[in-house]
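No lab work stands behind these numbers, since they all come straight from the coordinates. Everything quoted here is computed from the prediction, not taken from an experiment. Positions of Cβ are generated from backbone atoms using ideal geometry, with glycine treated the same way; all protein chains shown enter the neighbour counts.
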Amino acid sequence: MNSFAIIPAAGLSRRMGESKLLKMYRHKPLIQHTLEAWCLSKIDRVLVVIRADDHALETLLQNIGQRLSFKIVLAHAPKEMKDSFWAGWEHLQKSSALSGNDVILTAPADMPHLSSSMINQLLDFHPQH
């Protein structure tokens, strides 16, 4: 069994007027809290889906990626969060040999209170065969 996380992070933050994921929360960019939870969990592979034209977020993720292990997937003009998820899913299908017992989890990128222990509990509930 392999486990994968797809983190949709390609939103436009229209209501905020600026990138929500770059906003500081407890001395770190908001997205970093979420990434730390996924990357410090038992998940085997983490994919972060961002807009191909979001250079500020991509630069931040490249810096964070020096400390955490995840893959950045570029999506072209996703209209909704589900489109970001599907971009991650398509990338996963092309780049991994998926089996019927693999686990694919997802959560929005703006969840600073998500914890690795919470993710691990979900993984522990999944049958191993």
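Taking the C-alpha atoms only, the angle from helix 81-95 to the longest principal axis of the chain is near 50 degrees.
Kindly identify the stretch 1-102 as rounded, prolate or oblate by the Cα gyration tensor criterion: order the square roots of the eigenvalues as a ≥ b ≥ c, call it rounded if a/c is under 1.5, otherwise compare a/b with b/c, prolate if a/b is larger, else oblate. Please list the in-between numbers first.
Values: a/c = 2.08, a/b = 1.33, b/c = 1.57.
It comes out oblate by the Cα gyration axes.
Report summary: the helix-based calculation at 222 nm, which adds -39500 (n - 2.57) for every DSSP H run with n ≥ 4 and divides by the residues of the chain, gives -10500 deg cm²/dmol.
Please compute the length gained on full extension between Phe125 and Asn2, using 0.36 nm multiplied by the number of residues separating them and subtracting their Cα-Cα distance.
Values: separation 123, 0.36 × 123 = 44.28 nm, distance 1.39 nm.
Here the answer is 42.9 nm.
Phi angles of the stretch 54-68 translate, via the Karplus equation with coefficients 6.51, -1.76, 1.60 and θ = phi - 60°, into HN-Hα couplings of 8, 5, 5, 5, 4, 5, 4, 5, 4, 5, 5, x, 6, 10, 10 Hz per residue; Gly and Pro are given as x. Distance between the 7 Å Cα→Cβ label points at Ser95 and Asp53: 2.3 nm. Loop-located GluC sites (Glu not before Pro) across the stretch 27-129 with a Cβ neighbour count of 11 or fewer within 10 Å are Glu80, with loop assigned by DSSP. Taking label points 7 Å from Cα along the Cα-to-Cβ direction, Asp44 and Met24 give a separation of 3.9 nm. So what's the gap between the Cα centers of the stretch 91-129 and the stretch 26-80, to the nearest angstrom? One Cα centre to the other: 15 Å.
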